[in-house]
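To start, the structure under review is shown below, and the notes come after it.
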Amino acid sequence: MTTSLFLQTFMNGLMLSGLYVMTATGLSLVLGVLHIINFAHGAFLMLGAYLVWMLVGKEISSIESIPEWLQHIEMPYPLAFLVAVVAIGAFGALVNRVLYQRFWGKVLPCLIVAVGLTQVLQQGAFVTFGIHTKSVPSYFEGLITVFGARFPLERLMIIVVAVVFTTGLLLLLRYTKAGLAMRAVAQDSDAASVSGVSIPRTATTAMFIGCAMAAAAAGIIAPVFTVHAYMAEGYLIKAFMVIILGGMGSITGAIWAGILVGFFDAFGSVFFGYFTQIFLLIFVIVVIIFKPTGLFGGVVFDIFTRDE
């Protein structure tokens, strides 16, 4: 492997790590606080990408049938990105209050609701926006050169946004009242409730943040990859792999595992090609069997034995 190829692969590893960390930390936060497996997490990511596409200047081909009112919506990409993060976070909080909160502590009903919600959102996007993939105009144009290796600026921004949002999440959990409440509920919801923590409000806050993290990942990858109704399935699978490796409900574990999986994907694709995903899946299965708490000291929640 040449130095140029190594550096380019290393940068790709950082980019993939950023995507996996942003997606997995949001999923892990919801799992830790709400004690539910949010299979609709990928659908929120997909909606975030579509929302960014709707708000910025769209590239519309002659084969697409786009409503006229939608064609006139246009705003700068940074503003569209922030609007998407807040809007999808708010939608996630609404879903929690209307759907998930009704089935608190009941695994099977929450699982059915999440899977059903995923189908509704995916099929709704498919019917609304059509079969053709969408493209968001590139905002960060150009290349950077590092020791002879070229890397697109828009992919570098994925790394930057991932660092900013992940750092912000860690600071929020450590130093804010809402963060301390989420940590308390994740550790022992009954003790937190006795101490005066509002479980419904804390769960809604966690859902807002988790979905906002997914929307941030979607918003930053929308100009790099195409947008379509089933774009998030691969990221959702990787996010589940990450939280299994990092430890279910562990934010720091999700960060380290996301970095591990990102670099494994990047360098594995160079050396092993398509076999990389097989090796990764085998590794996850081995971890489940021999270390179910994860590689980084996570917590296995007792969600399958909670009283109905």
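FYI, it's all coordinate maths here, none of it is from the lab. None of the values given here were measured: they were computed from a predicted structure. Cβ coordinates were reconstructed from backbone atoms using ideal geometry, including for glycine residues, and neighbour counts include every protein chain displayed.
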Looking only at 20, 139, 50, which one moves most when the chain is put into a Gaussian network model with springs between Cα atoms under 10 Å? 139
Go ahead and set up a Gaussian network model of the chain, Cα springs under 10 Å, then flag whichever of 153, 47, 245 fluctuates most. 153
Rounded to whole angstrom, the alpha-carbon centroid of the range 123-163 lies from that of the range 183-259 at a distance of 22
If you look for lysine pairs in the chain that are eight or more places apart or on different chains, how many of them have Cα atoms under 27 Å apart? 5
Label point 7 Å beyond Cα of residue 133 along Cβ direction - residues of the range 212-254 with amide nitrogen under 19 Å: 217-238
³J(HN,Hα) computed for each position of the range 286-291 - Karplus, 6.51 cos²θ - 1.76 cosθ + 1.60, integer Hz, glycine/proline x: 4, 5, 4, 6, 9, 8
Likely footprinting exposure, 54, 46, 182, fewest C-beta neighbours within 10 Å first: 54, 182, 46
